[in-house]
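Asks: The structure's right below; bear with me while I get my questions together.
The values are calculated or read from the model by the stated rules, or taken from the named source; none is laboratory data. Predicted, not measured: the structure shown is a model, and the values here were computed from it. FYI the Cβ positions are ideal-geometry reconstructions off the backbone, even for glycines, and counts take in every protein chain you see. To get the accessible areas, we keep the full protein, side chains included, count just its heavy atoms, and leave off ligands, DNA and RNA. Shrake-Rupley method; radii C 1.70, N 1.55, O 1.52, S 1.80 Å.
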Amino acid sequence: MKRGSDLPDYREQAPEVAARFAKIALRPKILEVRALGKMFGSHETLRDITFDVRRREFVCVLGASGCGKSTLIRIIAGLETATSGQILLDGKPVRGPGPDRGMVFQNYTLFPWLTVRANVMFGLRMKGKSAFEAETEARQWISMVGLLKYEHAYPHELSGGMKQRVAIARALANRPRILLMDEPFGALDAQTRAQMQAYLLKIWRNVDVTILFITHDLDEAVYLSDKILVLGPNPGRVLELIENPVPRPRSREQFVSPVFLSAYNRISELIHPPGSIPVEKVPIIRMTMAGDDVE
Amino acid sequence: MQSEVLTPFREVSERAGFLLTLASFILPLAVWCIISYVPFIWHPLVKIHSPGGVSFFREGALVEKKVFVAENSKMREQGLQEAIGRPANPIFLPAPHEVAIAFFKAFTTPPRRSGEPWLHESLWHSIRIIFWGFFWSSLFGVPLGILCGVYGPVAKLTEPVVDFIRYMPAPAFGALTVAVMGIYDAPKIAIIFIGTFFQQVLVIANTTRRLDPSLLEAAQTLGARRSQLLVHVVVPGVISDLYNDMRILLGWAWTYLIVAEYIGASSGITYFINQQAKYRIYDNVFAAIFMIGIIGFTTDRFLAWLGRHIFPWQKQERPGLLRRLQLARAEAIERQAAQKEAIG
Ligand SMILES: Nc1ncnc2c1ncn2[C@@H]1O[C@H](COP(=O)(O)OP(=O)(O)OP(=O)(O)O)[C@@H](O)[C@H]1O
Ligand SMILES: [Mg+2]
């Protein structure tokens with residue numbers, strides 16, 4: 001937890017924030033997750049997960065490592081099947097993976113044998129668009145993520161951040177109903193991650209897209225999201241769906257604002273309840289040599 | 001200080017690499033030279049220069065050192081002239097320069113009997129056998145291997161029996177192939193095929209299975225249908241690895257050549273080697289063996305070189321030919337677009 005007790009309640013919303021949530025509530029539901037359960041053999045990974053994502057909403061899923069976040073998003077993407085419950089996209093149940101749910105993975109999954117441009121064209125070509133049409137469209141998306149200069153580069157010639165930008169462009173080029181992102185910035189260094197977060201917000205402002213974003217980084221969740229779905233472990237279940245009280249537009253200066261901290265502290269409380277992180281006693285081992293003056 | 005040489009997977013600089021490559025050939029050659037040219041190393045025989053009083057010594061004959069010494073001491077006792085000779089190696093180990101000379105002379109020496117093939121004809125025949133054996137094997141083995149790697153049921157149906165047959169030595173099929181296909185080239189090609197095909201299916205299947213599965217998932221979330229994955233993801237995803245597999249497999253195919261050429265009517269380089277050994281011209285035997293090595297080695301180097309140029313997405317120090325073409329084309333198109341913009 002970042003600071004003491006003189007913070008506002010995380011449920012208090014400034015008028016403009018409340019107005020935004022009221023507006024979102026009127027929008028149609030894009031994704032509905034209904035009583036989702038998942039067993040791996042006899043191991044219950046997810047239990048009774050229920051939530052909605054409305055049009056153009058930015059929802060973060062947050063939880064400790066191993067609580068089933070990836071499993072959840074993979075089920076939504078259609079890469080894994082649920083044991084119970086239902087996923088509806090625009091009211092229709094999803095079956096198997098499809099281009100209406102774009103996905104950005106944590107480990108870079110650009111096709112190494114295709115150039116940046118060809119990677120972005122991939123989905124369009126699969127749809128049966130002509131090479132010319134696909135190329136024109138792909139270039140627009142590449143220019144949107146600021147990589148036109150690299151359109152002929154191969155993935156191995158790009159940095160991690162650039163790869164993820166291409167992955168985002170590649171997913172968006174299909175004009176998906178929802179963009180699923182599984183810890184897309186998890187492997188990046190802090191500086192690049194901050195850049196990519198700002199980038200993503202900019203893209204999200206300019207492109208009409210709904211985002212479901214998985215992370216285990218509390219700052220990231222509060223910085224990006226409209227709502228935060230906090231999952232608990234063993235089995236993975238919804239602890240709380242938090243409406244993020246931090247007003248938009250977001251900036252990194254807000255990281256120390258009282259509203260930000262109130263939300264941060266609440267999530268922190270949920271995923272690390274006091275005394276929940278056991279630390280084993282470590283024996284004291286001296287590594288000093290004779291003559292060393294340490295104390 | 002820690003030795004940098006012992007760091008695992010450390011890249012070797014181009015210069016050092018070249019020197020090491022050179023050394024890898026020069027070192028064994030040096031050993032061979034020492035054995036051949038330094039008289040007190042090995043040289044278990046004596047080449048008779050003048051037989052002296054020994055009745056059964058002939059000039060130019062090779063005798064064992066022990067016999068030579070014994071006979072000479074006998075001569076000394078009897079007061080006869082001693083034999084003169086110098087240390088020599090057995091006839092089956094010719095000196096490097098003899099082999100080098102044979103190497104060139106072999107091509108210019110006509111065959112002993114008319115109707116026998118020249119050396120270059122023998123070599124060419126061998127290369128043709130390898131080529132067709134490997135071609136037919138790859139034509140069926142590569143697609144089948146990829147299918148095994150991709151589709152579980154195909155693998156379960158195919159791999160056990162392939163693995164079973166793989167352990168039967170290809171030469172064991174020799175008599176059978178001759179019975180079925182006659183004595184000329186067909187059974188030889190079949191032996192190369194049998195020796196290569198079954199390994200090939202398993203190797204290719206294994207390489208195919210190493211494709212990162214998240215690429216298949218990514219493709220599916222981009223709208224690729226299951227039926228499109230094979231052509232659009234699997235094949236391009238593994239092709240450069242398959243290419244390297246093929247290089248190694250081609251090397252294996254060569255190891256079946258000698259067996260293949262023994263069956264039916266002996267032919268090709270094997271026939272040449274056998275004939276020369278029969279005539280006890282071991283210089284030629286070595287020359288022919290080296291030729292096989294040289295052909296194999298240069299083919300492999302060539303394929304390695306080609307491999308660096310035909311897969312433009314490979315990570316390497318200098319971009320390959322295809323990559324450079326790609327970039328040049330992109331640049332030209334851009335320049336055109338810029339010009340159009342400037343005019344319009
Ligand atoms: N294919 C599988 N087979 C068996 N168990 C699995 C499988 N996939 C995931 N699990 C289990 O499900 C649980 C949740 O895994 P998951 O990858 O969804 O967690 P996560 O929240 O994404 O973790 P992280 O933050 O480390 O990515 C883990 O205990 C894992 O061992
Ligand atoms: Mg995960």
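Asks: Does the stretch B:139-154 contain at least one residue that is loosely packed, with under 12 Cβ neighbours inside 10 Å, in the same structural domain as B:Val203 (by TED's automatic domain parsing) and either assigned to a helix (DSSP H, G or I) or basic (Lys, Arg) (or both)?
Replies: The answer is yes, given that some residue of the stretch B:139-154 is loosely packed, with under 12 Cβ neighbours inside 10 Å, in the same structural domain as B:Val203 (by TED's automatic domain parsing) and either assigned to a helix (DSSP H, G or I) or basic (Lys, Arg) (or both).
Asks: For the subset of the stretch A:66-89 comprising residues that are within 14 Å of another protein chain (Cβ to nearest Cβ) and open to solvent by 40 Å² or more (accessible area, probe 1.4 Å), which member is nearest to ligand 1 (Cβ to nearest atom)?
Replies: This residue is A:Ser70.
Asks: Pick out, from the stretch B:1-118, the helices (runs of 4 or more DSSP H) lying fully within it that include 1 or more residues that are under 30 Å from B:Ser267 (Cβ atoms) and under 25 Å from the mean Cα position of the chain (by Cα).
Replies: Ranges flagged: B:14-37, B:96-108.
Asks: Residues of the stretch B:251-272 being open to solvent by 30 Å² or more (accessible area, probe 1.4 Å) and of a type outside the set (Ser, Thr, Tyr), which ones?
Replies: The first filter runs over the stretch B:251-272 and keeps only residues open to solvent by 30 Å² or more (accessible area, probe 1.4 Å), leaving B:251-252, B:254-256, B:258-259, B:262, B:264-266, B:271.
Correct list: B:Gly251, B:Trp252, B:Trp254, B:Ile258, B:Val259, B:Gly264, B:Ala265.
Asks: Can you list the strands (runs of 3 or more DSSP E) lying wholly within the stretch A:1-108 that have 2 or more residues being within 16 Å of ligand 2 (Cβ to nearest atom) and either closer than 24 Å to A:Leu188 by Cα or free of Cβ contacts under 8 Å to residues at least 40 places away in the same chain (or both)?
Replies: The strands (runs of 3 or more DSSP E) meeting that bar are A:58-63, A:101-104.
Asks: Suppose we filter the stretch B:1-60 for residues that are surrounded by 11 or more Cβ atoms within 10 Å (Cβ to Cβ), farther than 30 Å from B:Gln316 by Cβ and of a type in the set (Gly, Ala, Ser); how many remain?
Replies: 5
Asks: Looking at A:Thr215, A:Thr192, can you tell me which residue is of a type in the set (Ser, Thr, Tyr) and within 16 Å of ligand 2 (Cβ to nearest atom)?
Replies: Only one candidate passes the filter, namely A:Thr215.
Asks: Just for the stretch B:273-326: of the residues that are among the acidic types (Asp, Glu) and surrounded by 15 or more Cβ atoms within 10 Å (Cβ to Cβ), which one is nearest to the other protein chains (Cβ to nearest Cβ)?
Replies: In this case the residue turns out to be B:Asp300.
Asks: Could you tell me which numbered condition B:Phe164 fails, if it satisfies all but one of (1) open to solvent by 50 Å² or more (accessible area, probe 1.4 Å); (2) among the aromatic types (Phe, Trp, Tyr); (3) closer than 17 Å to B:Ile263 by Cα?
Replies: Checking B:Phe164 against (1) open to solvent by 50 Å² or more (accessible area, probe 1.4 Å); (2) among the aromatic types (Phe, Trp, Tyr); (3) closer than 17 Å to B:Ile263 by Cα, the one that fails is (3).
Asks: Quick one: is B:Val231 within 14 Å of chain A (Cβ to nearest Cβ) and out of contact with any Phe, Trp or Tyr (no Cβ under 8 Å at 6 or more places or on another chain)?
Replies: Yes: the conditions hold for B:Val231.
Asks: May I pose another question? How do the pairs read when you match residues in the stretch A:130-146 that are over 17 Å from A:Gly161 (Cβ atoms) with residues anywhere that are among the polar types (S, T, N, Q), using Cβ under 9 Å and keeping only pairs 6 or more apart or on different chains?
Replies: Short answer, once both residue conditions are applied: A:Ala138/A:Asn119.
Asks: Still on this model: Scan the stretch A:7-27 and give yes if some residue there is out of contact with any Asp or Glu (no Cβ under 6 Å at 6 or more places or on another chain), within 14 Å of chain B (Cβ to nearest Cβ), open to solvent by less than 60 Å² (accessible area, probe 1.4 Å) and more than 13 Å from ligand 1 (Cβ to nearest atom), otherwise no.
Replies: No, there is no match, as no residue in the stretch A:7-27 is out of contact with any Asp or Glu (no Cβ under 6 Å at 6 or more places or on another chain), within 14 Å of chain B (Cβ to nearest Cβ), open to solvent by less than 60 Å² (accessible area, probe 1.4 Å) and more than 13 Å from ligand 1 (Cβ to nearest atom).
Asks: Which of the residues spanning the stretch A:56-65 are within 12 Å of ligand 1 (Cβ to nearest atom) and either surrounded by fewer than 20 Cβ atoms within 10 Å (Cβ to Cβ) or among the aromatic types (Phe, Trp, Tyr) (or both)?
Replies: Once the filter is applied, which keeps residues that are within 12 Å of ligand 1 (Cβ to nearest atom) and either surrounded by fewer than 20 Cβ atoms within 10 Å (Cβ to Cβ) or among the aromatic types (Phe, Trp, Tyr) (or both), the stretch A:56-65 yields A:Ala64, A:Ser65.
Asks: So A:Ala171 clears everything in (1) away from ligand 2 (no atom under 16 Å from the Cβ); (2) open to solvent by 30 Å² or more (accessible area, probe 1.4 Å) except one condition, right? Which one?
Replies: Status for A:Ala171: all satisfied but (2).
Asks: Which condition number does B:Arg112 fail, the rest of (1) surrounded by fewer than 13 Cβ atoms within 10 Å (Cβ to Cβ); (2) in contact with a Ser or Thr (Cβ under 9 Å, 6 or more places away or on another chain) being met?
Replies: (2)
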